[in-house]
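Following: one structure in structure tokens, then a few remarks.
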2 protein chains.
Amino acid sequence: MNVSVIKIGGNIIDNEQECAAFLKQFAELKGAKILIHGGGKIASEMGTRLGIQPNMVNGRRITDADTLEVVTMVYGGLVNKNLVASLQALGCNSLGLTGADGNLITAIKRPVGEIDYGFAGDVTGVNTEVLEALLNANFIPVVAPLTHNQQGQLLNTNADTIATELAKALASKGYEVSLRYCFDKPGVMLDLSDPNSLVTEMNTSLYEQLKKQGVIAAGMIPKLHNAFDATNAGVTNVYMGLAENLLQEKPYGTAVLS
Amino acid sequence: MNVSVIKIGGNIIDNEQECAAFLKQFAELKGAKILIHGGGKIASEMGTRLGIQPNMVNGRRITDADTLEVVTMVYGGLVNKNLVASLQALGCNSLGLTGADGNLITAIKRPVGEIDYGFAGDVTGVNTEVLEALLNANFIPVVAPLTHNQQGQLLNTNADTIATELAKALASKGYEVSLRYCFDKPGVMLDLSDPNSLVTEMNTSLYEQLKKQGVIAAGMIPKLHNAFDATNAGVTNVYMGLAENLLQEKPYGTAVLS
């Protein structure tokens, strides 16, 4: 069975028009599919309105108890349920989930090292039976980036990581998985100012070279780690790029090879 | 097939200890079951923190656009996902839903009459197929009081009404449904100061009599309307009372007869 695992980030969530266009394209995408969404600026904005300042280290949110409350509300409630309602309006039988629902994604609170990430969850398992039961019943799971530790604690987990882990878990059960990370660029670019500099195929040796040259830096590094992780675990194809290009029948962006 | 439909309100949601005790009892309840929860004070508190004043008329919340955002976050996110995570810790394979998820509960925006209730949803349908698919897959649905209009609009619907509609829909499909509305009293009381004045059996003639006498008033009227509605629609048994009494094998409270 083929499954498309599509991850969208803040650039789509934060922009009403782009989000509407994306959802239309997603609804039209054939076959079994799963949507994983980030939270965008809404979580930070809501936190600020509640007097909670966002605390970021290396592009990752530090999840203190107040922040966990905000992301549970925003990711699990506001964003997730509005995406589900919008998809339902497009005839797409979506069902919103966090990792706690159906025990879908278990995690442990990230051990405190140099940085204390607070209630950040490192994934320990994916319950593929639940995912299969939902896919077989023709539901389209819409997954918020929240996990749980099976002891009653919700945890905040990066949405790229959730997409990667779901894709890997389905691949391990014999599914042909197409994983597509949508973000705000056409893919990995050699020169951000040159739209023709798209890297259409990325492999580990090119990655190491480009990282050494400083072409790949900051947020792209964990993104590509996730992508290679998926490829190495048997995910059939992995793409990064703009949603409108990646949701075409023939995705156009950066294909991440092993 | 037997299904218990259990509704809890603010008195349980707002009290950490009571909530923990309830969830333990709910997890131990045998057979298929569905939990419907209200939002409690958290929605009003969160609204106040965000500078939105709760606007209540006749005990019902007026749902303007800002309030809808708050209840979507609090009911659909914060409360729902924490209940799910807590139940998972008790080995209860819960799955959180709103009416938008799987197109479970459709509604229309309440027509504007004397009062404009804003984004309040009057239920138009329950998708029993979805509910059956989830129950058959041994999930325990945990339902937040939100519905949708199938055109992308989430709506705020009273949790008692949601419980009633889900119970009626399952009864119409041949399920033996036990509906239990948990609230902060042992049931309908002839005298609130006398714990021995519990009405153990309520029927429509007693209801009319007690309403005339002013014994039944305010919030109890819509609660009892919901209960009679369920009984008349073939729900096998309907109880109102304290959670700890209603979740016993032999529920103790007010049994609502037709």
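The values are calculated or read from the model by the stated rules, or taken from the named source; none is laboratory data. A quick note: this is a predicted structure, and the numbers were derived from the prediction, not measured. Note: ideal-geometry Cβ built from the backbone for every residue, glycine included; neighbour counts use all protein chains shown. To get the accessible areas, we keep the full protein, side chains included, count just its heavy atoms, and leave off ligands, DNA and RNA. Shrake-Rupley method; radii C 1.70, N 1.55, O 1.52, S 1.80 Å.
A Förster radius of 30 Å combined with the Cβ-Cβ distance from A:N15 to A:N58 puts the calculated FRET efficiency at roughly 0.75.
Would you work out the Kirkwood radius for chain B? I mean one over the mean of 1/r across all pairs of different Cα atoms, in Å. If you can, show how the numbers build up before the last one.
On the way: mean 1/r = 0.0542 Å⁻¹.
Value: 18.4 Å, from the Cα pair sum.
Across chain B, the mean sequence separation of Cα contacts (distance under 8 Å, 6 or more residues apart), normalised by length, yields a relative contact order of 21 percent.
When the dipole is taken about the Cα centre of region B:27-152, and only Lys, Arg (+1) and Asp, Glu (-1) are charged at their Cβ, what size is it in debye, to the nearest 20? Spell out each step's value before the answer.
Details: 9 positive and 11 negative charges, 59 e Å.
Around 280 debye, computed over region B:27-152.
Peptide A:147-157 is shielded by partner chain Cβ atoms: per residue, an average of 4 of them sit within 10 Å of its Cβ.
Computed on the Cα trace of region B:104-239, the radius of gyration divided by the Kirkwood hydrodynamic radius gives Rg/Rh = 1.01.
The ratio of the alpha-carbon radius of gyration of region A:197-258 to the globular-protein estimate 2.2 N^0.38 Å is 1.09.
Take each residue in B:85-94, count the other chain C-beta atoms within 10 Å of its C-beta, and the mean is 6. The amide H of B:K33, built 1.01 Å from its N in the peptide plane, has B:S4 as neighbours under 5 Å, considering only residues 5 or more places off or on other chains. The residues of chain B have, on average, 41 Å² of accessible surface per residue, using a 1.4 Å probe with all protein chains present.
For the chain pair B and A, the interface hides roughly 2900 square angstrom of accessible area in total, found with a 1.4 Å probe. Principal axis extents of the C-alpha atoms in region A:88-179 (largest first, rounded to whole Å): 45, 29, 22.
Do any residues of region A:40-57 lose at least 20 Å² of accessible area when the full set of protein chains is present rather than just their chain alone, and if so which, with a 1.4 Å probe? For region A:40-57, once contacts with the other chains are taken into account, A:M46, A:R49, A:L50 lose 20 Å² or more.
Partner lysines whose Cα lies under 17 Å from the Cα of A:K33, excluding those fewer than 8 positions away in the same chain, are identified as A:K7, A:K24, A:K168, A:K173, A:K250.
Mean per-residue shielding of peptide A:101-109 is 4, counting Cβ atoms of other chains within 10 Å of each Cβ.
Viscosity 1.002 mPa s, temperature 20 °C: Stokes-Einstein D of region A:31-155 from its Kirkwood Cα radius, in µm² per second?
Working: Rh = 15.2 Å.
In µm²/s, the coefficient rounds to 141.
Is there a quick way to get the dipole size of the protein assembly as shown? I mean about its Cα centre, with the Cβ of Lys and Arg at +1 and of Asp and Glu at -1; what is the value in debye to the nearest 20?
Numbers: 38 positive and 50 negative charges, 68 e Å.
Charge dipole of the protein assembly as shown: 320 debye, to the nearest 20.
Taken over the Cα atoms of the protein assembly as shown, the convex hull encloses 145 Å³ per residue.
Using the average count of surrounding beta-carbon atoms within 10 Å as a protection proxy, the listed peptides A:101-110, A:13-22 rank, highest first, as A:101-110, A:13-22. Taking the 1.4 Å solvent-accessible surface of chain A as the whole, the part contributed by carbon and sulfur is 46%.
Taking the charge dipole of region B:2-183 about its Cα centre, with +1 at Lys and Arg Cβ atoms and -1 at Asp and Glu Cβ atoms, the residue from B:P54, B:N156, B:G39 reaching farthest to the positive side is B:G39. Each part reduced to its alpha carbon centroid, region A:112-181 and region B:25-68 end up 28 Å apart.
Considering helices alone, the calculated mean residue ellipticity of the protein assembly as shown at 222 nm is -10500 deg cm²/dmol, with DSSP H runs of length four and up weighted by -39500 (n - 2.57) and normalised per residue.
Got the relative contact order for region B:1-150 handy, in percent, Cα pairs under 8 Å and 6 or more residues apart?
Working: 248 pairs, mean separation 39.2, N = 150.
With pairs under 8 Å counted, the relative contact order is 26 percent.
In a solvent-free Debye calculation with one equal scatterer on each Cα, what is log10 I(q)/I(0) for region A:148-197 at q = 0.28 Å⁻¹, listed in the order of the q values? Per q value, in the given order, log10 I(q)/I(0) is -1.01. Taking the Cα centre of region A:108-258 as reference, the dipole from Cβ charges on Lys and Arg (+1) and Asp and Glu (-1) amounts to some 120 debye. The rotation axis that maps chain A onto chain B passes nearest to the beta carbon of this chain A residue, listed with its distance in whole angstrom: A:G77, 1. Restriction of the GluC sites (Glu not before Pro) in region B:86-146 to DSSP coil positions whose beta-carbon has at most 15 other beta-carbons within 10 angstrom yields B:E114.
Quick one: in region B:127-177, what % of C-alpha pairs are over 12 Å apart? Walk me through the intermediate numbers first.
Values: 881 of 1275 pairs.
Taking all Cα-Cα pairs of region B:127-177, the fraction more than 12 Å apart is 69 percent.
In sequence order, region B:231-237 has phi-based couplings of 4, 5, 8, x, 5, 4, 9 Hz under the Karplus curve 6.51 cos²θ - 1.76 cosθ + 1.60, θ = phi - 60°, and Gly or Pro positions carry x. For A:I221 and A:V112, the FRET efficiency from 1/(1 + (r/R0)^6), where r spans their Cβ atoms and R0 equals 22 Å, is about 0.50.
Across region A:197-214, rounded Karplus estimates of 3J(HN,Hα) from the backbone phi angles (6.51 cos²θ - 1.76 cosθ + 1.60, θ = phi - 60°) give 9, 4, 8, 7, 9, 10, 10, 5, 6, 4, 4, 4, 4, 5, 5, 4, 6, x Hz, Gly and Pro being marked x.
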